[in-house]
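Q: If you scroll down you'll find the structure; I have some questions about it.
The values are calculated or read from the model by the stated rules, or taken from the named source; none is laboratory data. Being a predicted model, the structure only gives us computed values, none of them experimental. Reconstructed Cβ throughout: ideal geometry from the backbone, glycine too, with neighbour counts over all protein chains shown.
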Amino acid sequence: MGERSLAGRKALVTGGARGIGASIAAALSAAGASVMIGDILEDAGRQTAAGLGEHGKAGFVRLDVADDAQWQAAVAATVAELGGFDLLVNNAGIEITSLIVDVEAADLRRMCEVNIVGVALGMKHAFRAMRPGGAAGQGGSVVNIASVAATIAFPAIAGYSGTKSAVDRMTRVAAMEAGKLGYGVRVNCLYPGLIPTEMGMKLANDIVANGLAADVGAAVAGVVEQTPLGRLAEVGDVADAVVFLSSPQARFITGAGLPVDGGMGM
Ligand SMILES: NC(=O)c1ccc[n+]([C@@H]2O[C@H](COP(=O)([O-])OP(=O)(O)OC[C@H]3O[C@@H](n4cnc5c(N)ncnc54)[C@H](O)[C@@H]3O)[C@@H](O)[C@H]2O)c1
């Protein structure tokens with residue numbers, strides 16, 4: 001893949017203030033794209049955006065992905081500030097650990113709001129903007145961040161796994177609609193393995209708290225043991241896969257789910 005495979009492209013990355021999203025924003029920028037970060041963390045989001053923009057523009061917009069009106073405003077801001085919009089990365093997500101015997105309805109609803117409704121609204125507003133006649137109108141690509149949790153059974157994350165399986169299915173339906181209706185937009189998803197971000201390390205601690213591992217070291221070792229390539233995932237592993245799926249090199253790939261998990265889910 002050429003070093004500047006995304007030169008001239010205009011991207012919005014949700015949850016880009018930190019963790020995997022910040023790495024995705026940096027990788028898209030390094031590949032030549034202009035990048036808008038959308039997040040509820042304003043200070044961190046602005047700081048991360050300030051570190052981008054080596055090749056194109058970079059900006060921040062406050063966006064709670066569960067809010068339809070905020071999506072409309074964030075996409076409008078992206079088109080206005082970057083001069084277009086042709087790449088969306090639906091990365092924002094939350095994980096609330098619980099054994100099924102302890103699940104709280106409010107926690108399940110909150111995960112559905114962010115992980116399912118947030119991704120669906122993102123695709124809605126991206127399609128409206130990117131399709132012919134839309135505010136950007138040049139087609140494009142959407143990459144949704146699902147999880148290895150959509151492909152394997154892992155204890156204490158039933159609700160989260162359900163929301164990520166929904167992301168997987170919504171990706172296929174969205175890719176079908178976008179293709180059949182001539183939007184010129186490809187839609188794919190990724191299934192990352194465990195990554196030691198804030199979310200990943202909180203999960204490792206929760207596994208211990210739920211009596212499923214003796215300590216965090218054992219929890220992490222258990223995941224590594226299940227991973228043929230023998231290590232945890234890194235944020236850059238996911239970011240590189242997003243750059244590929246967003247690039248012209250992936251021009252005939254849509255409706256696909258790509259594991260980035262070292263083989264854990266095979
Ligand atoms: N870390 C892992 O092990 C792992 C593995 C597989 C998939 N994932 C997925 O990758 C994505 C990023 O995870 P991460 O590890 O970087 O998590 P993280 O908690 O470190 O970062 C998540 C980011 O999303 C933002 N966010 C949360 N709710 C939001 C909302 N309503 N609107 C806008 N932004 C919001 C947060 O402010 C934060 O910046 C998530 O979708 C997660 O489910 C993570």
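Q: Out of Val35, Val61, Val103, report the one residue that is in contact (Cβ under 8 Å) with a residue 24 or more places away in the chain, within 21 Å of Gln138 (Cα to Cα) and aliphatic (A, V, I, L, M).
A: After applying the criteria, what remains is Val35.
Q: Looking at region 141-186 only, could you name the residues that are within 15 Å of the chain's Cα centre (by Cα), within 16 Å of the ligand (Cβ to nearest atom) and not in a helix (DSSP H, G or I)?
A: Correct list: Val142, Val143, Asn144, Ile145, Ala146, Ser147.
Q: Could you tell me whether Gly19 is assigned by TED's automatic domain parsing to the domain that holds Arg131, within 16 Å of the ligand (Cβ to nearest atom), farther than 26 Å from Arg251 by Cβ and buried (at least 24 other Cβ atoms within 10 Å of the Cβ)?
A: It is false that Gly19 is assigned by TED's automatic domain parsing to the domain that holds Arg131, within 16 Å of the ligand (Cβ to nearest atom), farther than 26 Å from Arg251 by Cβ and buried (at least 24 other Cβ atoms within 10 Å of the Cβ).
Q: So, one more: Consider Ala66 carefully, then state whether it is of a type in the set (A, V, I, L, M), assigned to a helix (DSSP H, G or I) and assigned by TED's automatic domain parsing to the domain that holds Ser247.
A: no
Q: Which of the residues belonging to region 5-49 are under 18 Å from Met130 (Cα atoms) and assigned to a loop (DSSP other than H, G, I, E, B)?
A: Once the filter is applied, which keeps residues that are under 18 Å from Met130 (Cα atoms) and assigned to a loop (DSSP other than H, G, I, E, B), region 5-49 yields Leu6, Ala7, Gly8, Arg9, Ala33.
Q: Let me ask something else. Determine, yes or no, whether Val143 is aliphatic (A, V, I, L, M), closer than 20 Å to Ser5 by Cβ and modelled with pLDDT of 95 or more.
A: Judged against the criteria, Val143 is a match.
Q: From the list Gly236, Gly265, Gly255, pick out the single residue that is assigned to a helix (DSSP H, G or I) and in contact (Cβ under 8 Å) with a residue 12 or more places away in the chain.
A: Unique residue meeting the criteria: Gly236.
Okay, residues lined up against (1) touching a helix residue (DSSP H, G or I) at 6+ places or on another chain (Cβ under 6 Å); (2) within 16 Å of the ligand (Cβ to nearest atom):
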{"residue": "Ala31", "(1), (2)": "yes, no"}
{"residue": "Ala73", "(1), (2)": "no, yes"}
{"residue": "Ala77", "(1), (2)": "no, yes"}
{"residue": "Gly83", "(1), (2)": "no, no"}
{"residue": "Ala105", "(1), (2)": "no, no"}
{"residue": "Met111", "(1), (2)": "yes, yes"}
{"residue": "Gly139", "(1), (2)": "yes, no"}
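Q: Okay, moving on. Kindly check whether there is at least one residue in region 252-265 that is over 20 Å from Leu88 (Cβ atoms) and away from the ligand (no atom under 16 Å from the Cβ).
A: no
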